[in-house]
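Okay, so here's the structure we're looking at.
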Amino acid sequence: MHHPDSPASGRVLAKVGFIRTGTADRHADDGTTAAYQVYALPLPPASLRR
C-alpha cells in the first residue's frame, strides 16, 4: 500500500507488476483517517512456477 499523498508510489507499484486491489482506511495518531491504496503481486501462471 502507499500513502494517498504519494500517487507516484502507486505508479511504481503498477509498473513492476502489482495490481490495485482496493483501499484500506488507516488511522493516524492525530485522529484523522486516510484511505490508502492497497496492491497485491499476482502469482505467476502455474507453468512458470517451480
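Evaluate the range 14-31: report whether one residue or more is assigned to a strand (DSSP E or B), charged (D, E, K, R) and loosely packed, with under 13 Cβ neighbours inside 10 Å. Yes, the range 14-31 contains a residue that is assigned to a strand (DSSP E or B), charged (D, E, K, R) and loosely packed, with under 13 Cβ neighbours inside 10 Å. Give the number of residues within the range 32-47 that are surrounded by 10 or more Cβ atoms within 10 Å (Cβ to Cβ) and in contact (Cβ under 8 Å) with a residue 24 or more places away in the chain. Of the residues in the range 32-47, 7 are surrounded by 10 or more Cβ atoms within 10 Å (Cβ to Cβ) and in contact (Cβ under 8 Å) with a residue 24 or more places away in the chain.
No lab work stands behind these numbers, since they all come straight from the coordinates. Bear in mind the structure is a predicted one, so any value in this text is a computation, not a measurement. Glycine gets a Cβ as well: all are built from the backbone with ideal geometry, and neighbour counts include every protein chain shown.
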